[in-house]
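Remarks on the structure that follows.
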Amino acid sequence: MEREKASAEKDRRDAQRALEADERKRMKEQEEIEKIKRKEERVEKRLAREQEQKKKAHEKMDRGKLANKKFTCGVCCMRGRVLDESKGIVWFGCDEKVCGKWYHFECLHRSEQEYLRERMEEGESWYCKACKPWLYCEE
């Protein structure tokens, strides 16, 4: 009977140890889950910050950051800004495919300004003096 009692006690302790081991394992898994959740939250916050920074950068660019190189005046070399037209600064681009130059109206020579006005009134293409100088020859 003592032997049975000792065996039952040993079985009970073994079961208790198994339960405690299972509890430790469950707690460790729970800690890992919490760790993963915290990491996911950090990643989400970082992504949200990055998106906000990109949004602010685009807004800043729209408020007047320098535009692409194609908006550099072919005469004064001043670079254009994204919202120049809303500020009354008008750009005219040469329609020659290989040229790609842009100009302020005020920077153009008087003959170029006249030719530009004529072309715009007629709804025709405009070519700068550098591309087609013969269009500007005075008769």
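The values are calculated or read from the model by the stated rules, or taken from the named source; none is laboratory data. Note that the structure is a prediction, hence the values are computed from the model and not measured. Positions of Cβ are backbone-derived with ideal geometry, glycine not excepted, and every protein chain shown enters the neighbour counts. Just so you know, the surface numbers come from the protein's heavy atoms only, side chains and all, with ligands and any DNA or RNA stripped out. Shrake-Rupley method; radii C 1.70, N 1.55, O 1.52, S 1.80 Å.
Remarks
- The region of the chain that goes longest without hitting one of the trypsin sites (Lys or Arg not before Pro) in a DSSP loop, each with at most 11 other Cβ atoms within 10 Å, is 1-62.
- Calculated [θ] (222 nm, deg cm²/dmol) that DSSP helices of n ≥ 4 give over the chain, each run adding -39,500 (n - 2.57): -19500 deg cm²/dmol
- Basic side chains Lys and Arg get +1 at the Cβ, acidic Asp and Glu get -1 at the Cβ, and with that the dipole of the chain about its Cα centre reaches some 940 debye.
- Ordered by 1.4 Å accessible area with all protein chains kept, I36, I89 run largest first as I36, I89.
- Additional length obtainable on full extension of the chain from M78 to C107, 0.36 nm per residue less Cα span: 9.4 nm
- 15 Å reach of a label modelled at D95, 7 Å along Cα-to-Cβ, counting backbone N of the range 104-131: 115-129, 131
- Largest-first ordering by accessible area, 1.4 Å probe, given options D22, D95: D22, D95
- The chain, accessible surface, carbon-and-sulfur percent (1.4 angstrom probe): 51 percent
- Among (i) 54, 28, 24; (ii) 67, 41, 28; (iii) 132, 28, 25, the entry derived from the coordinates for Cα extents along the principal axes in Å: (iii)
- For the set W102, W126, the ranking by accessible area, highest first and with no ligand, DNA or RNA atoms included, is W102, W126 under a 1.4 Å probe.
- Accessible surface of E31, taken over heavy atoms with a 1.4 Å probe and every protein chain present, rounds to 110 Å².
- Acute angle (nearest 10 degrees) that the helix 2-62 long axis makes with the longest principal axis of the chain, alpha-carbon atoms: 10 degrees
- E40 - accessible surface, heavy atoms, 1.4 Å probe, Å² rounded to 10: 100 Å²
- The solvent-accessible area of L47, taken with every protein chain present and a 1.4 Å probe, is close to 90 Å².
- Each residue of the range 104-119 was assigned a 3J(HN,Hα) from its phi angle through the Karplus curve 6.51 cos²θ - 1.76 cosθ + 1.60 (θ = phi - 60°); the sequence is 7, 4, 5, 7, 6, 5, 3, 5, 5, 4, 4, 4, 4, 4, 4, 5 Hz, with glycine and proline shown as x.
- Accessible area per residue for the chain, computed on protein heavy atoms with a 1.4 Å probe, is 85 Å².
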